[in-house]
Each structure stands twice: as structure tokens, then as C-alpha cells.
């Protein structure tokens, strides 16, 4: 019998403004959120952190995140 391959589910997106480029990816894991390689908990200012987490909170409320 052939071994079944596990599908890795991820979503990747990017955005650009002037010369800045932002990349984001969402994949199954431990629920850690990182911005430029650093944990989002240390992101300043607080308002920027809240805006970054808002789509994740909405998706979680809709039951789309585990």
C-alpha cells in the first residue's frame, strides 16, 4: 500500500505600500503569532498589536481557527 501524504494547509499573502513589503502566512501550529520574527506580545504600540490581532480574533469567533 502507498503511504498517505499529509496535506499541509497554509495561506500566504503579501502587501506593499511605497517601498515597504509585508508578508503573512497562516498555518496549523501552536497558535504563536510572530511579526518580523518576534513574538507579537512585544510589538509596540499596543494599538498596532490590537489591529494585527483583530482578523485572527474575528476568525476565531467564527469558528475557523482551532
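The values are calculated or read from the model by the stated rules, or taken from the named source; none is laboratory data. Fair warning: this is a prediction, and the values are worked out from it, not measured in the lab. Virtual Cβ from ideal backbone geometry, glycine too; neighbours counted across all protein chains shown.
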Collect the residues in region 35-63 that are farther than 17 Å from residue 25 by Cβ, at pLDDT below 85 and part of a loop (DSSP other than H, G, I, E, B), keeping them in residue-number order.
62, 63
Does at least one position in region 2-10 carry a residue that is at pLDDT below 80, at positive phi and under 16 Å from the mean Cα position of the chain (by Cα)?
no
